[in-house]
Amino acid sequence: MTGALYAVSDLHVSYAENRAVVDGLRPQTADDWLIVAGDVGEVFADVERTLRLLRDRFARVVWAPGNHELWTHPNDPVTLRGVARYDALVAMCRELGVLTPEDDYQVWRGAGGPVTVAPLFLLYDYSFRAPGTTTKEESLRAAYDAGVVCTDEMLLHPDPYPDRESWCAARLAVTGRRLEATDPALPTVLVTHWPLVRQPTDVLWFPEFAQWCGTDRTADWHVRHRAAVAVYGHLHIPRTTHYDGVRFEEVSLGYPREWRRRGGVPAPMKRILG
Ligand SMILES: [Fe+2]
Ligand SMILES: [Fe+2]
């Protein structure tokens with residue numbers, strides 16, 4: 001096997017310019033895998049169409065949800081909310097043969113392997129609090145005062161959980177158990193939409209936004225679960241950093257105004273291994 005493991009996130013295909021970028025995503029070999037780390041789009045049919053197109057091209061596609069897939073958007077005929085919406089996305093992916101956080105983690109055996117590739121859905125719990133605040137309420141208030149409020153507050157419903165942090169807690173529990181059960185002899189590639197550690201949010205223009213970006217409870221997961229690489233998106237700040245000696249790859253395409261500012265039509269697929 002000669003392929004490579006690639007990753008991308010935040011394709012945001014509601015933008016025509018981004019759909020054109022997605023049209024250009026092609027494997028280099030018949031063995032290449034593609035990780036899609038969330039925020040494909042917010043309309044269910046758009047997510048399905050994009051993942052089908054990528055599945056037709058790549059040997060394997062591995063998806064983890066972003067906040068946008070989990071929105072119940074007023075323009076979407078699919079009106080499912082919360083867990084029911086996530087379950088429907090997983091069922092759609094299974095139909096397509098796209099791997100989800102609910103499937104057995106597959107082992108990448110190409111160059112740089114073998115590694116267990118684990119797409120994770122963990123959400124966030126407001127523990128990345130705004131500067132100078134100590135409770136969720138204070139942190140949210142600081143965000144509203146700054147005019148920096150994530151649209152999740154309006155569109156990402158936690159049903160049947162009472163709130164998003166409860167859903168996050170449940171995801172952490174079930175996901176932690178699954179990771180503990182992976183082959184201890186193999187390193188992992190941990191794939192999340194929201195970064196596993198807080199440090200990547202330190203460069204956010206608006207620090208109040210960090211509370212929608214992860215949870216303190218995964219601060220040591222890259223070490224505890226033997227990550228060779230941690231892949232994430234959501235911040236729309238593509239870059240490579242290292243924490244505790246582990247490579248973190250932010251692989252966002254982002255909005256057209258963002259990638260145009262970075263210098264024009266991007267080649268968003270990042271080679272992770274191989
Ligand atoms: Fe995004
Ligand atoms: Fe996001």
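Scanning segment 31-89 for residues that are more than 16 Å from ligand 1 (Cβ to nearest atom), farther than 22 Å from GLY3 by Cα, in a helix (DSSP H, G or I) and not hydrophobic (A, V, I, L, M, F, W, C) yields GLU48, ARG49, GLY82, ARG85, TYR86, ASP87. For LEU96, the conditions (1) buried (at least 24 other Cβ atoms within 10 Å of the Cβ); (2) in contact with a helix residue (DSSP H, G or I) (Cβ under 9 Å, 6 or more places away or on another chain); (3) not small (Gly, Ala, Ser) all hold with the exception of (1).
Look at segment 252-267: where a residue is of a type in the set (D, E, K, R) and a partner is within 10 Å of ligand 1 (Cβ to nearest atom), sitting 6+ places away or on another chain with Cβ atoms under 7 Å, you get GLU258/HIS236.
Residue-level check: of (1) within 16 Å of ligand 1 (Cβ to nearest atom); (2) assigned to a loop (DSSP other than H, G, I, E, B); (3) small (Gly, Ala, Ser), GLY263 misses just (1). Restricting attention to segment 1-25, the residues that are part of a loop (DSSP other than H, G, I, E, B) and over 24 Å from VAL90 (Cα atoms) total 5.
Every condition in (1) in a loop (DSSP other than H, G, I, E, B); (2) among the hydrophobic types (A, V, I, L, M, F, W, C); (3) open to solvent by 10 Å² or more (accessible area, probe 1.4 Å); (4) farther than 22 Å from TRP108 by Cα holds for PHE209 except the one numbered (1).
Here's a check for you: in segment 246-258, which residue that is buried (at least 21 other Cβ atoms within 10 Å of the Cβ), outside any strand (DSSP E or B) and not β-branched (Val, Ile, Thr) is nearest to ligand 2 (Cβ to nearest atom)? So that I can check it myself, show each step before the final result.
Taking segment 246-258 and keeping what is buried (at least 21 other Cβ atoms within 10 Å of the Cβ), we get 248-254.
Adding the requirement that they be outside any strand (DSSP E or B) leaves 251, 253-254.
Checking the rest, the ones that are also not β-branched (Val, Ile, Thr) come to 253-254.
On the way: LEU253: 11, GLY254: 10 Å.
By that ranking, first place goes to GLY254.
In segment 26-54, which residues are away from ligand 2 (no atom under 16 Å from the Cβ) and open to solvent by less than 10 Å² (accessible area, probe 1.4 Å)? Residues satisfying the conditions are ASP32, LEU34, LEU51, LEU54.
Filtered by the rule that a residue be within 19 Å of HIS234 (Cβ to Cβ) and either out of contact with any Leu (no Cβ under 9 Å at 6 or more places or on another chain) or not β-branched (Val, Ile, Thr) (or both), segment 26-50 gives LEU34, ALA37, GLY38, ASP39, GLY41, GLU42, VAL43, ASP46. Taken together, THR116, THR72, THR151, THR133 contain a single residue that is β-branched (Val, Ile, Thr) and without any contact (Cβ under 8 Å) to a residue 60 or more places away in the chain, which is THR133. Residues that are open to solvent by 50 Å² or more (accessible area, probe 1.4 Å) and in contact (Cβ under 8 Å) with a residue 40 or more places away in the chain were ranked within segment 1-19; the one that is nearest to ASP76 (Cα to Cα) is TYR15. On the stretch given as segment 217-242, residues that are open to solvent by 30 Å² or more (accessible area, probe 1.4 Å), over 19 Å from THR175 (Cα atoms) and assigned to a strand (DSSP E or B) total 3. Of all residues in segment 23-52, those that are of a type outside the set (Phe, Trp, Tyr) have Cβ atoms under 6 Å from Cβ atoms of residues that are more than 16 Å from ligand 1 (Cβ to nearest atom) and assigned to a helix (DSSP H, G or I), 6 or more apart or on another chain, in PRO27/ARG57; LEU34/LEU54; GLU48/MET92; LEU51/LEU96; ARG52/LEU96. The one condition from (1) surrounded by 17 or more Cβ atoms within 10 Å (Cβ to Cβ); (2) under 26 Å from VAL8 (Cβ atoms) that SER139 does not meet is (2).
The values are calculated or read from the model by the stated rules, or taken from the named source; none is laboratory data. This one's a predicted model, so the numbers in the text were calculated from it and none came from an experiment. Please note: Cβ atoms are built from the backbone with ideal geometry, for glycine as well, and neighbour counts cover all protein chains shown. Note: accessible area is taken over every heavy atom of the protein model, side chains too, but ligands, DNA and RNA are not part of it. Shrake-Rupley method; radii C 1.70, N 1.55, O 1.52, S 1.80 Å.
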